Amino acid sequence: MAIAWMPVMGPPRLVKAHGTWEFDPKYVNGSAPDDFAAMQLKLAPGQRIRNTTWATWDGLDKLTDVGYLKDSGVTTGAPIVGLRDGMTKDGFSLNVRKGVVDTVVEGGSGQVGAAFAYEHNQDGGAVMSVSAAWGAFGVTYTGNESHMRKSMQPVYTNL
């Protein structure tokens, strides 16, 4: 996993928070319920989220396009992307083996922070709720489930 700030051509003034994950190519546990990734932002006054995009690839570096915007993060500053993980048709590769989540921030001046988290649901249970905010990311399940969460330390830049 990694997180970084990337400059974006403007005007207006823009920066992109870029979060990534990558599972070992030999890892093949992909099943319901969905996985979730959250880009947690600490915005200065006058800053706002312009957009959030994502992409996923399988073990053969084939684009799988299995993500969806679960929450735009307009009120929380933390967009959440849902990922319908599973196995590729041949059954030998996780369809979300690697991926990216990018969130563009615009406006205002001052420091902006970003942290990135990913939760992989391995088996069992159903997702009851997903929430995220600066410094917080939670997924609640029904029943017994097995999951793995990874997150990155926050990074900061000036806008």
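The values are calculated or read from the model by the stated rules, or taken from the named source; none is laboratory data. Remember, predicted model here, so these are calculated numbers, not experimental data. Positions of Cβ are backbone-derived with ideal geometry, glycine not excepted, and every protein chain shown enters the neighbour counts. These accessible areas exclude ligands, DNA and RNA; they are computed on the full protein's heavy atoms, side chains included. Shrake-Rupley method; radii C 1.70, N 1.55, O 1.52, S 1.80 Å.
A few points about this structure:
- Taking first residues from the stretch 139-152 that are part of a loop (DSSP other than H, G, I, E, B) and partners that are at pLDDT 90 or above and open to solvent by 70 Å² or more (accessible area, probe 1.4 Å), the Cβ contacts under 7 Å between residues at least 6 apart in sequence or on separate chains come to 152/1.
- The condition of being surrounded by fewer than 18 Cβ atoms within 10 Å (Cβ to Cβ) and touching an Asp or Glu at 6+ places or on another chain (Cβ under 6 Å) holds for residue 88.
- Candidate set from the stretch 33-84 (those that are touching a Pro at 6+ places or on another chain (Cβ under 9 Å) and part of a loop (DSSP other than H, G, I, E, B)); member that is least open to solvent (accessible area, probe 1.4 Å): 73
- Tallying residues that are under 19 Å from the mean Cα position of the chain (by Cα), assigned to a strand (DSSP E or B) and not polar (S, T, N, Q) within the stretch 9-24 yields 7.
- Count of the stretch 113-127 residues which are modelled with pLDDT under 90 and part of a strand (DSSP E or B): 6
- Matching residues, the stretch 98-112, being assigned to a loop (DSSP other than H, G, I, E, B) and either at positive phi or crowded, with 20+ Cβ neighbours inside 10 Å (or both): 107, 108, 110
- Just one of the listed residues (75, 64) is β-branched (Val, Ile, Thr) and touching a residue at least 24 places away in the same chain (Cβ under 8 Å), and it is 64.
- Of all residues in the stretch 137-159, those satisfying the criterion of being open to solvent by 50 Å² or more (accessible area, probe 1.4 Å) and of a type in the set (A, V, I, L, M) are 148, 152.
- Exclusive hit being of a type in the set (Asp, Glu) and farther than 30 Å from residue 142 by Cα, set 106, 119: 106
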